[in-house]
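Below: the structure, in structure tokens.
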Amino acid sequence: MTVIAETAELVPAGTWQADPVHSQVDFAVKHLGISTVRGTFADFSATLVGGEAPRLSGSIRLDSVSTGEADRDAHLTSPDFFDTARYPEARFTATFVSPERVVGELTLRGVTKEIEFEASFTSPGGDPYGNERIGIELTGVIDRTDYGVSFNAPLPTGGLLLGEDVKLLVSLSFVKEA
């Protein structure tokens, strides 16, 4: 598939649903100022409505987080981080969609802030099963403290346990509804 260059051909008219088997919603954050810890969410949905003014929206079940370490995952669902008992979902609604960027409102822990993603769209194409597909790659950065995720710990040598910037990496394969 080729990358889309013009807004007019960005997303053909119709409604498209993210295929969770062929999509990912990931994050990355600095740990100890030394390495980057990555995580993913297994339970998410996204809808893309095509046409002259494409619309994109989605949600994530925050308790579906996985970093490959069960104790850390449990801590991430606690009030120190996502507080999934009170805020089970994160939501995103785009306010602007172009071939190079997507801007929208991200709601996490009851706080809504604007976020801008660098975007890359692939042109629509068919799969072996007769479905029409289109892809979007999004990358952006949020300051987790803007959303009330302020847990941290000082290090004995100076600095903090966790970075404030969280990189979001979203790769979505959409299937057009019949």
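Only one of THR93, THR107 is over 12 Å from LEU10 (Cβ atoms) and exposed (fewer than 15 other Cβ atoms within 10 Å of the Cβ); which? Spell out the reasoning first.
On the way: THR107 fails: exposed (fewer than 15 other Cβ atoms within 10 Å of the Cβ).
Step by step, each of THR93, THR107 is checked, and only THR93 is over 12 Å from LEU10 (Cβ atoms) and exposed (fewer than 15 other Cβ atoms within 10 Å of the Cβ).
Of all residues in segment 56-65, which are surrounded by fewer than 17 Cβ atoms within 10 Å (Cβ to Cβ) and not hydroxyl-bearing (Ser, Thr, Tyr)? Spell out the reasoning first.
Restricting attention to segment 56-65, the residues satisfying the condition of being surrounded by fewer than 17 Cβ atoms within 10 Å (Cβ to Cβ) are 57, 61, 64.
ARG61 - this is the single residue of segment 56-65 that is surrounded by fewer than 17 Cβ atoms within 10 Å (Cβ to Cβ) and not hydroxyl-bearing (Ser, Thr, Tyr).
Scan segment 24-73 for residues that are among the β-branched types (Val, Ile, Thr) and in contact with a helix residue (DSSP H, G or I) (Cβ under 9 Å, 6 or more places away or on another chain) and jot them down. If you could, list the steps in order and put the result at the bottom.
Kept after step one, since they are among the β-branched types (Val, Ile, Thr), are these residues of segment 24-73: 25, 29, 34, 36-37, 40, 47, 49, 60, 65, 67.
Scanning segment 24-73 gives VAL29, VAL37, THR40, VAL65, THR67.
Just the residues that are in contact (Cβ under 8 Å) with a residue 40 or more places away in the chain and surrounded by fewer than 18 Cβ atoms within 10 Å (Cβ to Cβ), please, taken from segment 116-126. Lay out the reasoning, then the answer.
Of the residues in segment 116-126, the ones in contact (Cβ under 8 Å) with a residue 40 or more places away in the chain are 117, 120-125.
Once the filter is applied, which keeps residues that are in contact (Cβ under 8 Å) with a residue 40 or more places away in the chain and surrounded by fewer than 18 Cβ atoms within 10 Å (Cβ to Cβ), segment 116-126 yields SER120, THR122, SER123, GLY125.
Picking from ALA53, ALA5, ALA70, which residue would you name as being surrounded by fewer than 16 Cβ atoms within 10 Å (Cβ to Cβ), modelled with pLDDT of 95 or more, more than 17 Å from the chain's Cα centre (by Cα) and not polar (S, T, N, Q)? It would help to see each step written out before you state the result.
Values: ALA53 fails: modelled with pLDDT of 95 or more; ALA5 fails: modelled with pLDDT of 95 or more.
One residue alone meets the criteria, ALA70.
Looking at segment 150-170, I want the residues that are small (Gly, Ala, Ser) and at pLDDT 90 or above and have a partner that is outside any strand (DSSP E or B) and surrounded by 16 or more Cβ atoms within 10 Å (Cβ to Cβ) with Cβ atoms under 8 Å, at least 6 apart or on another chain. Which pairs are those?
What qualifies is SER150/ARG144.
The values are calculated or read from the model by the stated rules, or taken from the named source; none is laboratory data. Please read these numbers as outputs of a predicted model, since none were measured by experiment. Ideal geometry is used to build each Cβ from the backbone, glycine not excepted, and the neighbour counts take in all protein chains shown.
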